[in-house]
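Heads up, the thing below is written out as structure tokens.
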Amino acid sequence: MQLQPTHSVFPHTHELSTSLATVSDVVQFKTHFVDFMEMYAPSALVAEYLDQHSEWFRRCAEPMTVEPVGETGYVLVVGRYGAMGFELEPKIGLNLLPGDHGVYRIETIPVPDYAPQGYDVDFKAAMELVEHDRTDRDENAPDRLTRVQWDLDLTVSIQFPKFIQSLPPNLVLGTGEQLLKQIVRQVSRRLTHKVQEDFHTTRNLTFPKHSRKWFFQ
């Protein structure tokens, strides 16, 4: 990937662009990620499911560890990631805001009694529910489906150790981008697939086989 917006790192992803900024010894990576998933049900049923996140969020977030914070917040231990001998185990607080005219937002919140060491993650996502007619030929699927369109702004600030800072800038950039892609894949892409599958399974709805392929290419 280049410093300026470029092609997607995930097949069938509409957009993933990255920029880089440096403040003192902190390197800041920003990415804008656009994607979607299809739910084979009317938007009202999808909205009802999303509103009941206390029932599905922890289940769908596995293998990430999840702890609830208040009525709409969760703390995720994302996992251990690393590159070139540098490792992070990010812990992120996310607030799942109630739907507003078909748009559901997820924003970063502080993790109680926790001060991140060497990193900071700012996660801002919006999911818009767009209902439309089905266009495929699967006779078992309903006539109407809902496209859940993702729009994610993610900023990861990393204070690299001195041995990383002494490396050439392109290697520092590559290290940060590798960490960023791992976090995007874990928190957004994998979680999105599990939510899609869980929704259809728990509601006894048809989940066309071709929809599964999109997430694993």
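Listed values, structure above:
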| quantity | calculated |
| --- | --- |
| Extreme residue, nearest to Arg189 (Cα to Cα), among residues of the stretch 103-121 that are modelled with pLDDT of 90 or more and loosely packed, with under 15 Cβ neighbours inside 10 Å | Val103 |
| Members of the stretch 76-92 that are within 24 Å of Cys60 (Cα to Cα) and either outside any strand (DSSP E or B) or modelled with pLDDT of 95 or more (or both) | Val78, Gly79, Arg80, Glu89, Pro90 |
| Among (1) among the small types (Gly, Ala, Ser); (2) at pLDDT below 90; (3) in a strand (DSSP E or B) - the single one Ala125 does not satisfy | (2) |
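The values are calculated or read from the model by the stated rules, or taken from the named source; none is laboratory data. These numbers come from a predicted model, not from an experiment. All Cβ positions, even for glycine, are placed from backbone atoms using ideal geometry, and neighbour counts span all protein chains on display.
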